[in-house]
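So the structure is just underneath, and the comments pick up after that.
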Amino acid sequence: MARASTVLIVAMGLLLGPLVPDLPGGTAAHAQNYRPPPGPYAPGPGPYAPYDAAPRGRAGGPVDADAAVRMLAGRGFSKISVIRRRGATILLEANGPRGERVQVVVDGASGAISGMKVIGYGDKRY
């Protein structure tokens, strides 16, 4: 007798569950489609945001050393000097937007920064 009543309760739950999804224990899992509310909860810019931001007024394409210097200056770099050019790669030294001294590798074919290494801070080298 207990088994028959258990089967009846389970069957009623299966039949009525889709009709009343907002009851506790209903069949809807609301957390599956959770989206954070709009507002100040959006993630902020990452630590590399000053370096990733594209300079204004420039499209991608081949660049020479002077254009690479202008591109870095547009991204907030200062005291920029060209070290050497090897094929399509341009190696520069500059002070980054946060004041650190960096070596920057710029791809001359696309104008993108393809590498960067911190070598000091301000005018001091490590």
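Coordinate-derived values only; no laboratory data. As the structure is a prediction and not an experimental result, all values here were calculated from the model. Cβ placement follows ideal geometry from the backbone for every residue including glycine, while neighbour counts extend to all protein chains displayed.
Our summary gives region 60-125 a relative contact order of 28 percent, counting only alpha carbon pairs under 8 angstrom and 6 or more residues apart. Note on Val82 and Val105: the extension gain reaches 7.3 nm, defined as 0.36 nm multiplied by sequence separation minus the Cα-Cα distance. The dipole here belongs to region 60-125: it is taken about the Cα centre, uses +1 on the Cβ of Lys and Arg and -1 on the Cβ of Asp and Glu, and is about 220 debye. The fewest-to-most ranking of Asp66, Asp107 by surrounding Cβ atoms within 10 Å reads Asp66, Asp107.
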